[in-house]
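Worksheet: the structure to be examined is printed underneath.
Since every read-out is calculated from the coordinates, none of them should be taken as a lab result. Note that the structure is a prediction, hence the values are computed from the model and not measured. As a convention, Cβ positions derive from the backbone with ideal geometry for all residues, glycine included, and neighbour counts pool all protein chains shown.
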Amino acid sequence: MYKRYIRFLFALLCIALLCSAVQATMLQITVVDNLDNTSVSHATVFLDGSNLGRTTSDGQFAIIHSGLYDLNLRITMDGYDDWAQTVNRNATSLLVNLTRRSLVLNVNLYDSDTLQPVTGATIDLTADNTTQTKQSDAYGAATFGVISSTLYSYAISAPNYQPRSGTVDVKFDDQNVQFWLLSGNRYSFIVKDKDTQSPVVDAQVSIDSVPVGKTDSRGILIVPVTRGKLVTIEIQKDGYQTISESKTISDTAALDTLSLTRVPVGAFVFVSDENNAPIGNAGVSINGTVVATTNQFGRATLQSLVAGSYQIAVSKAGYTTTTRQIVVSKDTSDFSVVLPYDKVNLTIVVQDKDQKNLSNATILLDGATLGVTDAQGQFITPVKYATSYNISASKDGYQPASVAKQVSLGNTTPLVTITLEKNIDWGLILLIALGAVGILLLFVIIRIIGHQNRRRHVMKRNEI
């Protein structure tokens, strides 16, 4: 038993000594681009086929290992060839240069007008001060060997075509690019409205009196021209003034921008009231500005209007302002506008014969009940100018009364007064009449009695 204990302790001692002899080792890896020596971030690190992780933004990655064995490392990154190597177990730092992957850039050239391949064009492709030059084949194609993650500059030239240049950013895979070359004789006419700067569509372009085409929806016409020669260019469009200019189109000129001025068409506006009577001195406005005033016959002339759509506003004191959309053209230039009468508040005062204002009197306008007068005997209602109304008032104990009223244009404080007379008291009149009849009867009776008395007296005297 004792011997077994001694053996166990000895084994523990050996294990302890062995462990103390083995120390952990850290390998610091730095991954850079082999061309510009910049750090390669997010590169994947494998150890013995196992994915350990990715490099940091500065291309760093640390591996902590036992130091007992050499390390089988592999590092991969999109756009780069894989890097693989066995690293000594005692190494503490490692610089890895990733080589950019070789790729293919296919360039295809086409005529922008005919869409046909452009043959024999010279293409220069430059990167890192190194230039490759190739010519496009019968299919308008050229192939370049390039490397990934590289920005290339290109310059393209071809006989009878405008030169073209720019950049191509090659990423991680083979790439195909297409370029459209403009004919060297190609020339663009851009036609705009002088006032609005909007495109003028279907404008006819002529060169040396020969029509060459019409502008499209963008106001553009592209045609072949002869350069270095004096030509006369003429632009025509209905509703616009024709322009003509003579110029020599140089080898470097690409376009000509021309502005057309609209031809004034003019328009006439006839303004009338609700009864079709002409209204004079009415103002006609466009965009808030009075541009014309009607004459005594209700007619206004808008001389400077060119063809187009306008919103006009017609106004005059005493009438409701009216707006209307008109479309002016050489075929349509006469427009009618009816101005309704404006409304104004009419004050109705009801009083008795003693000029005492009567409250709670019922007001009717053309037979329709509107309401009753207030404590001051007034009632206010809106009415139209120059319109006849029959206004009635009634109140218990008074005879109804009516007046006709028409508010003249321009009167902003119209007033009408209706006087009511009290009803006749027929009961009192009957009582008075009965009293008068009674008095008359009494008088007659008295006269009759008096006459009889005188008669008796005479008879008595005769008897004596």
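Helix 426-463 versus the longest principal axis of the chain: what angle, 0 to 90°, nearest 10, using Cα atoms? The helix 426-463 is inclined about 0 degrees to the chain. Ordered by the number of other Cβ atoms lying within 10 Å of each residue's own Cβ, fewest first, Lys134, Lys384 fall into the sequence Lys134, Lys384. Estimated at 0.36 nm per residue, the fully extended path between Ile380 and Ala155 surpasses their Cα-Cα distance by 72.4 nm. Under 20 Å from a label point 7 Å along Cα→Cβ of Lys343: give me every residue in the stretch 259-293 with its amide N that close. Flagged as within label range: 273-275. Taking a straight Cα-Cα cut-off under 23 Å and skipping sequence neighbours fewer than 8 places away in the same chain, the lysines within cross-link reach of Lys192 are Lys214, Lys237, Lys247, Lys330. Each residue in Glu234, Glu421 was given a count of other beta-carbon atoms within 10 angstrom of its own, and listing them fewest first yields Glu421, Glu234.
Taking 7 Å steps out from each Cα toward its Cβ at Thr242 and Asn34 produces label points 7.2 nm apart. When each of Ser285, Ser336, Ser408 is scored by the number of other beta-carbon atoms lying within 10 Å, the sequence from fewest to most is Ser408, Ser336, Ser285. Relative to its Kirkwood radius, the Cα radius of gyration of the stretch 25-98 gives an Rg/Rh of 0.94.
Bridgeable aspartates and glutamates around Lys405 (alpha carbons under 18 Å apart, same-chain partners fewer than 8 residues away excluded): Asp342, Asp366. In the frame of its principal axes, the stretch 187-260 has Cα extents of 32, 21, 19 Å, reported largest first. For the stretch 378-436 versus the stretch 290-327, the spacing of their alpha-carbon centroids is 43 Å. The residues neighbouring Asp82, those whose beta-carbon lies less than 13 Å from its own, together hold a net charge of +1 under the Lys/Arg +1, Asp/Glu -1 convention. Taking a straight Cα-Cα cut-off under 17 Å and skipping sequence neighbours fewer than 8 places away in the same chain, the lysines within cross-link reach of Lys422 are Lys353, Lys356, Lys395.
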